[in-house]
Each structure stands twice: as C-alpha cells, then as structure tokens.
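Notes for the one structure printed next.
Derivation of every value follows stated rules applied to the coordinates shown; laboratory data play no part. Treat the numbers as computed from the prediction; the structure is a model and nothing was measured. Heads up, the Cβs are rebuilt from the backbone with ideal geometry, glycines too, and the neighbour counts pull from every protein chain shown.
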Amino acid sequence: MRYLSLLFFVIIIISCTKTPVPELENIEFLESSISPHQIGKDEDSSIFINYNNIILEHKKNRNALFSYDKYEEFLITLNKSDRFIFVPLNEFDQTYSSDKIVIGMRHDVDYDIASAMRMARREYRNGVRATYYFLNTAEYYSDNKISTEIRKPYVLDYMNKLQNEYKHEIGWHNDLVTLQIVYNVDVEKYLTKELAYLRNNGIRVEGSAYHGSEFCYIYHYLNFYIWKPASNHIETGPSWGLFQNFDSVGINGVYKKIKKFDFSDFGFKYEADLLKKNYFFADVFYFNNKRWNMTMFDWNSLKPGDRVIVLTHPALWD
Ligand SMILES: [Zn+2]
C-alpha cells in the first residue's frame, strides 16, 4: 500500500570474504553483536541468509500489537484449536474442507525483505505455509532507471531460503504499470525475462498480487490495470477518482497507453485479489481509527467451510 515512509531498509548486510566459504574462525565480524553461534542458524534476533548476508535484529519500537511475538501467538492459538488449515495462495483455490476453516496467508513484502524473513521464520517453526510477494521495483530486487531494470542477483538467496527451507510460496508483487509508465520499461519483455530467470533458478512463481505504489496516488492508476481481466474490476466507490486512469496515464501532459495482458501470457495461475473467499482481512485496513490486527476478530466465530485470506505487510511489524 502507501509506504512513502517505508522507503528505507532494515536489512544489514555483513560483508565477509565471498569465496571460498570461510571457516568460522576466519570470518571478520563487522558488528560486535554477532557471535559465531549465529552463523548458519536462525534465531529470533538474526536470520542467516548466507555468509555475506545476515539479517540482524532491528527494533522499530512501534505498536506492540504488531510484533512477531504477537503474530506467532496468533498462529499457535489457531494451530492448537485444530480447526484451521493454513495454505499459501497457490493452493487456496483447490483447498476445500467441510470440517476446517481454510486460511490463505498473504504477505506483501514491499520494500522490507528483512521483516518478511522474520515473519516467514515464525511461520515455518509453527508449520504454517504462506505466500511472499516480492516487489519487482524494491531495492532488494532491482535498480530502476528510465528504460532499464537491473536485477540484484542476491534476490534469489532470499527466495531460495523462503521457498526451499521455510516451505513458503514466492509470488510476484506487481508494480508493472509503474515500470511501464514511470520508468518506460518494456514490461512484456521484462516480465518474460524475469520470470524465466526465476523459474530457471528453481523459483516457482505461480501468482501475482498488485502493489499500491506511491506513484499510483500521484498518477491515478492501479497496477492491476496491466491485466485484461481487470476490466471487470475497475475501481468504484470511495476510491473512484484516485485510480481512474484505467487505459492511459498522463505524466507532465504526455499520455501513455497501458499495455494489457492475460495472466496466462506469463504462466501465472492466479491473481491474489481475484481468489474467492468469504472473509478478507488486511493489516492496512482501519476500523474506528485503529489499524486492523488479529486480536480484533473473534476467530472462534468462523465456521467449517469458511475461506479466509489474511494479508499482512511484514514491513509494518516489529
Ligand atoms: Zn505492496
């Protein structure tokens, strides 16, 4: 969603000797807070991506309701009741149960990969699988300049860890209209190339979810408008007017037409916002001036057969 204030990263990259993989005693610790026992293993305070990259604790000290501990408590409580099945969104459509409640766990990584890794780890140790949508215009993914996109190769390290170690799904957090309109990137070529790169490297990208870029509010479009099926979902209601540029977007008096595609053009099996559910919660919704969180809903009120999608933005959690 709208994260002008979140355009900074909380990831700390520790530079060590790159190759060969160093022996523990040869690693020069740039942060005195790191101890050798953190190398190669994850803890609440640090996540080991590889020898060049360890995510260290970074307390944002905000609302205690939005802490990883609170989030984990929620997972433990629901797991204990044995009434819920957690699935990543690529399994959501196919998962029906007459005696359980199906919960699709969606996480928009946005600009903060470190927080996503922390949340992912809490889920993993509770046997919960979820989907993490990587943002193609975020700094951990690429450098964006007019007509060019330069991918950061280490994005694969995060994806591999999430998918292969933590057993989560990797999705595409679509900022494609932004790439087209703001950066003049040929998105068809770009997306084809990126997905081939990810898939050839073993990352199974099956779905996308659109990102609410800050540019959407400036130039009045939604990234969803890149898809032909979006024609049935033009924004109406209170948001109408904010995102009315469905076909073309004007920047400094120059109008650019939005190129449109089918999901299948890129081998996507689903778009997260179009999955059928009877409850949808998001940590960016507000009720009575309070941001929605898991404690605001009586989870016992759900009935077997209910289908729920919970969207969180790890960047908003501590
Ligand atoms: Zn987003």
Relative packing of 275-282, 72-79, which averages over residues the other C-beta atoms within 10 Å, highest first: 72-79, 275-282
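Sorted by mean Cβ packing within 10 Å, highest first, what order do the peptides 174-185, 199-210, 293-304 take?
Numbers: 174-185: 23.5, 199-210: 18.0, 293-304: 13.2.
The most tightly packed comes first, giving 174-185, 199-210, 293-304.
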Check cross-link reach from Lys41 to the lysines: straight Cα distance under 28 Å, and skip same-chain residues fewer than eight apart. Lys18, Lys59, Lys60, Lys70, Lys80, Lys152, Lys161, Lys167
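For the range 186-316, just say rounded, prolate or oblate: build the C-alpha gyration tensor, square-root its eigenvalues into a ≥ b ≥ c, call rounded for a/c under 1.5, and beyond that prolate if a/b exceeds b/c, oblate if not. Show your work: numbers first, answer last.
Details: a/c = 2.06, a/b = 1.30, b/c = 1.58.
Taking the square roots of the gyration eigenvalues as a ≥ b ≥ c, the range 186-316 is oblate.
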How large is the charge dipole for the range 64-316, taken about the Cα centre, if only the Cβ atoms of Lys, Arg (+1) and Asp, Glu (-1) carry charge, to the nearest 20 debye? 260
What residues qualify as long-range amide H neighbours of Ala282, i.e. H under 5 Å apart, gap of 5 or more or another chain, H built at 1.01 Å from N? Leu311
Please give me, ordered by residue number, the trypsin sites (Lys or Arg not before Pro) of the range 112-188 that lie in loop per DSSP and have at most 14 other Cβ atoms within 10 Å. Arg125
Mind listing the phi-derived Karplus ³J(HN,Hα) values for the range 137-144, rounded to whole Hz, using 6.51, -1.76 and 1.60 with θ = phi - 60°, and x for any glycine or proline? 9, 7, 5, 5, 9, 7, 9, 10
